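Heads up: the structure comes next, in structure tokens.
The values are calculated or read from the model by the stated rules, or taken from the named source; none is laboratory data. These figures come from a predicted structure and were not determined experimentally. Every residue, glycine among them, receives a Cβ derived from its backbone with ideal geometry; neighbour counts consider all protein chains shown.
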Amino acid sequence: MDFHITAEEEGIVFRIAERLRAGDSPTDDDLAEELGDEVRPDLRSLLAKGWIVVDADRSLKLSAIAQAALSSRRDVGGSPA
């Protein structure tokens with residue numbers, strides 16, 4: 001897993017996490033509709049870096065390591081603004 005992600009990628013990770021906590025299972029199309037098509041290259045990058053996974057229904061999930069990284073980050077610095 002590549003822990004070096006851009007600020008844009010980090011924002012997307014947090015948005016996916018928010019939607020998952022709310023009980024949603026967003027797809028790449030859902031995020032592109034919400035955030036614009038420019039999100040697609042960042043999603044591909046996050047997938048390649050191991051931050052997100054795609055299930056059989058094309059829903060985006062955070063990898064186990066990404067979940068742990070987010071949890072650790074929230075413990076240290078609080079929730080992102």
Next item on the list: With respect to GLU34, determine if the residue is in a helix (DSSP H, G or I), of a type outside the set (A, V, I, L, M, F, W, C) and either in contact with a strand residue (DSSP E or B) (Cβ under 6 Å, 6 or more places away or on another chain) or modelled with pLDDT of 95 or more (or both).
Entry: yes
Next item on the list: Would you confirm whether any residue within the range 55-75 is touching a helix residue (DSSP H, G or I) at 6+ places or on another chain (Cβ under 9 Å), without any contact (Cβ under 8 Å) to a residue 24 or more places away in the chain, not in a helix (DSSP H, G or I) and not basic (Lys, Arg)?
Entry: no
